[in-house]
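Encoded as structure tokens, the structure appears first; notes follow it.
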Amino acid sequence: TIVSIGDPKKKYTRYEKIGQGASGTVFTAIDVATGQEVAIKQINLQKQPKKELIINEILVMKELKNPNIVNFLDSYLVGDELFVVMEYLAGGSLTDVVTETCMDEAQIAAVCRECFGINIEIQKLIPYAVVLFFPPIQCLQALEFLHANQVIHRDIKSDNVLLGMDGSVKLSEYQTVVSVFCFHFP
């Protein structure tokens, strides 16, 4: 099945809006049973001209699990509202981090030297190294995984790269993916 039975407003509490996109609104919430913080995308299906893209996104997310892609947890349909529950990455999007981080040329050069193994004392710049160098590596690992599973993403951009507070980098947004294998419905 594509969706679970039940009302997500009873399973998850403390909804806080964190974003608005073309397909819907994204909230953080807390799983009542586990205490886990999650991201929930609420989509009004009546306002979606291409519902098949949303179904495709859920099918791909349910099927594929990888440390470098945002993991699907559950989905619910309540009336015309679809709730897609995913893991939450508190670091935000790569776009947000890059646009809010200002570094001069000397700082960028120092981060580059540090990342390439030159021993210098600039520990405070290490978080910038993570932003500058690890997202490309982890995004490539995500793409390698998707391609190995016959899935093409088609919307790679910094808005769709999410960062965890633990240094994890994950690819998100699967509405535009193309799967070169067919899902068989019962």
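The values are calculated or read from the model by the stated rules, or taken from the named source; none is laboratory data. Here the structure is a predicted model, which means the values were calculated and not measured. Backbone-built Cβ (ideal geometry, glycine too); neighbour counts: all protein chains shown.
Taken over region 141-161, residues that are among the basic types (Lys, Arg) and more than 14 Å from the chain's Cα centre (by Cα) amount to 1. Restricting region 1-34 to residues that are more than 19 Å from ILE58 (Cα to Cα) and of a type in the set (Asp, Glu) leaves a set whose member that is surrounded by the fewest Cβ atoms within 10 Å (Cβ to Cβ) is GLU16. Take GLU87 and tell me if it is of a type in the set (Asp, Glu), surrounded by 13 or more Cβ atoms within 10 Å (Cβ to Cβ) and touching a strand residue (DSSP E or B) at 6+ places or on another chain (Cβ under 9 Å). Yes: the conditions hold for GLU87.
Inspect region 21-40 for any residue being modelled with pLDDT of 90 or more and part of a helix (DSSP H, G or I) and give the result as yes or no. No, the conditions are met nowhere in region 21-40. Here's a check for you: in region 60-69, which residue that is farther than 21 Å from GLY6 by Cα and among the hydrophobic types (A, V, I, L, M, F, W, C) is surrounded by the most Cβ atoms within 10 Å (Cβ to Cβ)? My answer is ILE69.
Yes/no per residue for (1) within 21 Å of the chain's Cα centre (by Cα); (2) modelled with pLDDT under 55; (3) in a loop (DSSP other than H, G, I, E, B); (4) buried (at least 17 other Cβ atoms within 10 Å of the Cβ):
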| residue | (1), (2), (3), (4) |
| --- | --- |
| VAL97 | yes, no, no, yes |
| ARG113 | no, no, no, no |
| GLY117 | no, yes, yes, no |
| ILE120 | no, yes, yes, no |
| PHE183 | no, yes, yes, no |
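Only one entry of ILE55, ILE30, ILE5, ILE40 meets the criterion of being within 14 Å of the chain's Cα centre (by Cα) and either farther than 20 Å from LEU171 by Cβ or not acidic (Asp, Glu) (or both), and that entry is ILE40. Among residues that are surrounded by 15 or more Cβ atoms within 10 Å (Cβ to Cβ), touching a Pro at 6+ places or on another chain (Cβ under 8 Å) and modelled with pLDDT of 90 or more, PHE72 is not included.
In the set LYS41, LYS65, LYS50, LYS17, only one residue is within 29 Å of PHE145 (Cα to Cα) and touching a Ser or Thr at 6+ places or on another chain (Cβ under 8 Å); that residue is LYS41. GLU57 meets each of the listed conditions (1) part of a helix (DSSP H, G or I); (2) at pLDDT 80 or above; (3) surrounded by 14 or more Cβ atoms within 10 Å (Cβ to Cβ); (4) not basic (Lys, Arg) apart from (2). When GLU52 is tested against the conditions (1) surrounded by 13 or more Cβ atoms within 10 Å (Cβ to Cβ); (2) outside any strand (DSSP E or B), the lone failure is (1).
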